[in-house]
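**Student:** First the structure, then my questions, so here it is.
Laboratory data are not the source of any read-out in this text; all were calculated from the coordinates shown. Just so it is clear, the structure is predicted and the values come from calculations on it, not from any experiment. Every residue, glycine among them, receives a Cβ derived from its backbone with ideal geometry; neighbour counts consider all protein chains shown.
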Amino acid sequence: MRSPRCRAKQDAKAPADPRWRRRVATSFLLGAVLAGPATAQLGGSLTLSSQARLRGQPIGDHRPVAELELVHDAAGGFYIGGSATLVATRDEGVKPLSFRQYAGFARHLSPATAIDVGMVHSGYTSYSGIAGGGSYTEAYVGMTGRHLSGRLYFSPGYFRKDEPTLYAELNGDLDLAPDWSLVAHAGRLTHLKAHADRGDRDATDWRIGLRRHLGPVDLDAAWTGHAQDRAAYGAGDRSDGALVIALSFAF
C-alpha cells in the first residue's frame, strides 16, 4: 500500500483533474471514492520500479519490479482491490514477488478531507528474500487531507502468529512548480510483544524525493531508508539507503 499512497490539493469539486486522481491513487487508489460520483467503477495503476522496499527494507535482491494494482469503488464509499508484483531475478527470469488484497470504506469529512478504515492482507514469495516467504494481515484507519495523509495499522501476527505490531505512517506532498512535487513519507513499526530470543526491534523508515507529472504518468525519484532501534547494549542497525526510481501509470 502506498502506498500510497489521498493527498489531493485541489478541491473535490473538480474530479476530472488527473493530478487529483493520481494523488488519491497513492493511497489505495481511492480517487473515485473521494472525488468522483457515487457510482461503482474500476481503476488501477501499473508501476515499474528500480527495486522493491518493504517499509524501507530492500526485498527482491534489489532487482527491478513491476506492480499491477486494481481497485473497485462501489457506491457508498466501499472499495475492494488487490495487487500483484513481479521481480526480474538475476538467474531465473521474471518471478512472482508479492501480492496484496484489501477492502475498506471511505467517507468525506469535508470537500478535501476524508477518513477510511479497512483490512489488508500482504503475502511474499521466497523471491522476496524473506526466509520461506511469509504473510500478514492488518486492520487500518486513516485520514487524508490536501497535503498530508496518515494511517495506523494493527497486525495480530506480523509474519508470525504471535507477533502483534502497530505501524504508523505519515505521507505528504507539496507542489514546487507546474508538474513538479516534493513527496515524503515517514513510518514507524512497533512490536507490541517482546521476544527476547528473537531480538525483534522497533524500526523507522523514511522516503523523500521528487515527482514529475507527465500527463497520465508519474515519474518518482526518492531516497529511501530504514533503521532499527538500538538494542539494550549496542548500536541500532541501519540498512543502506537507496535512490528508488519509479514510473507509474494510473487508469
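**Student:** If each of MET143 and GLN41 carries a label point 7 Å out from its Cα toward its Cβ, how far apart are those two points in nm?
**Tutor:** 2.8
**Student:** Per the Cauchy relation, a quarter of the hull surface: what is the mean projected area of the convex hull of the alpha carbons in the range 140-194, in nm²?
**Tutor:** 4.5
**Student:** Can you work out ³J(HN,Hα) from phi for every residue in the range 82-95, in order, using Karplus 6.51 cos²θ - 1.76 cosθ + 1.60 and θ = phi - 60°, giving whole Hz and x for Gly and Pro?
**Tutor:** x, 8, 9, 10, 10, 10, 8, 6, 6, 10, 10, x, 7, 9
**Student:** Tell me, what HN-Hα J-couplings in whole Hz come from the Karplus equation 6.51 cos²θ - 1.76 cosθ + 1.60 at θ = phi - 60° for each residue of the range 160-167, using x for Gly and Pro?
**Tutor:** 9, 5, 10, 10, x, 9, 10, 10
**Student:** Still on this structure: Enumerate the amide H contacts of ARG63 below 5 Å, restricted to partners 5 or more residues apart or on another chain; note that Pro and chain-start residues carry no placed amide H.
**Tutor:** Result for ARG63 returns ALA52.
**Student:** Still on this structure, please answer the following. Can you give the translational diffusion coefficient of the range 97-204 in µm²/s, computed by Stokes-Einstein from the Kirkwood radius over Cα pairs at 10 °C and 1.306 mPa s?
**Tutor:** Roughly 100 µm²/s, to the nearest whole number.
**Student:** Right, another one. Using the Karplus curve 6.51 cos²θ - 1.76 cosθ + 1.60 with θ = phi - 60°, work out ³J(HN,Hα) for each residue of the range 141-155 in order, rounded to whole Hz, and write x for Gly and Pro.
**Tutor:** Computed from phi, the couplings for the range 141-155 are 9, x, 9, 10, x, 5, 10, 10, 9, x, 9, 10, 10, 10, 10 Hz.
**Student:** Here's a follow-up. For the range 61-157, what Kirkwood radius comes out of the mean inverse Cα-Cα distance, in Å?
**Tutor:** Evaluated over the range 61-157, this radius sits at 15.2 Å.
**Student:** Another one. Taking 25 Å as R0, compute the FRET efficiency from the Cβ-Cβ separation of ILE208 and PHE249 and round it to 0.05.
**Tutor:** For R0 = 25 Å, the calculated efficiency reads 0.65.
**Student:** Is any residue of the range 129-155 close enough, with backbone N under 14 Å, to a label point placed 7 angstrom from the Cα of HIS121 along the Cα-Cβ axis, and if so, which?
**Tutor:** 134-139
**Student:** Mind putting together the pair-distance distribution for the range 165-209? All Cα pairs, 10 Å bins, whole percent per bin, short to long.
**Tutor:** 24, 34, 22, 13, 6, 1
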